[in-house]
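What follows is a single structure, written as structure tokens, with notes after it.
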Amino acid sequence: MINTPLNELLTQRKLFLAFVRRRVSDAALAEDILQNCYLRAFEHQGEFEQDESAIAWFYRLLRNAVIDRYRRNKSQEKALELLARELETSAQRSPELHTEACACLHDIIKDLKPEYSEALLAVDLGEQRVQDFAKQHNLSASNAGVRLHRARTALRKRLIQTCASCAEHGCLDCTCKKHAPSADQL
């Protein structure tokens, strides 16, 4: 085997992995970082300077890769926190919404499967968090989300069947047949 800087780096794999593992808690992540650094070393193998050790250069590369990973994770966490705060504030509904919504809505919700109507009344109309609804009904958060999605789909279908054209326009100023005055009421 020819002694090239890249071969020298490959013989030190265990030491490099231990170096990264001391700085990263996840073994798979440490392995990914090491592999990415090996790839980078391979791509830049012609750039090794004669006065610098390939091992020292690679340790610097590993250290920078770990730091970059922490920075990326930190920026992702900040972005997720910002999104969560934005969703919480945008999810707050105006009190007028309940009075403006289609008058058929509550009747249609009552006609859905009990678990669907319960989910819609608690989360969408009662403004309960999905996580709280899940805990209250002994469900996982993902199962509660699926139930809520199916409930919304069922509600949408029933609204379109019942309210036809006004459902397509947001059910404001409902003009559907269900609440239109009958001939004897006129």
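Things worth noting here:
- Total residues in the stretch 32-55, condition open to solvent by 50 Å² or more (accessible area, probe 1.4 Å) and not polar (S, T, N, Q): 11
- Of the residues making up the stretch 8-23, those that are modelled with pLDDT of 90 or more and open to solvent by less than 60 Å² (accessible area, probe 1.4 Å) are Phe16, Leu17, Ala18, Phe19, Val20.
- Restricting attention to the stretch 116-156, the residues being surrounded by 13 or more Cβ atoms within 10 Å (Cβ to Cβ) and within 18 Å of Leu105 (Cβ to Cβ) number 17.
The values are calculated or read from the model by the stated rules, or taken from the named source; none is laboratory data. All of these numbers come straight from a predicted model, not from anything done at the bench. When we count neighbours, we look across all protein chains shown, and the Cβ atoms used for this are built from the backbone with ideal geometry, even at glycine. Please note that ligands, DNA and RNA were not included when accessible areas were found on the heavy atoms of the full protein model with its side chains. Shrake-Rupley method; radii C 1.70, N 1.55, O 1.52, S 1.80 Å.
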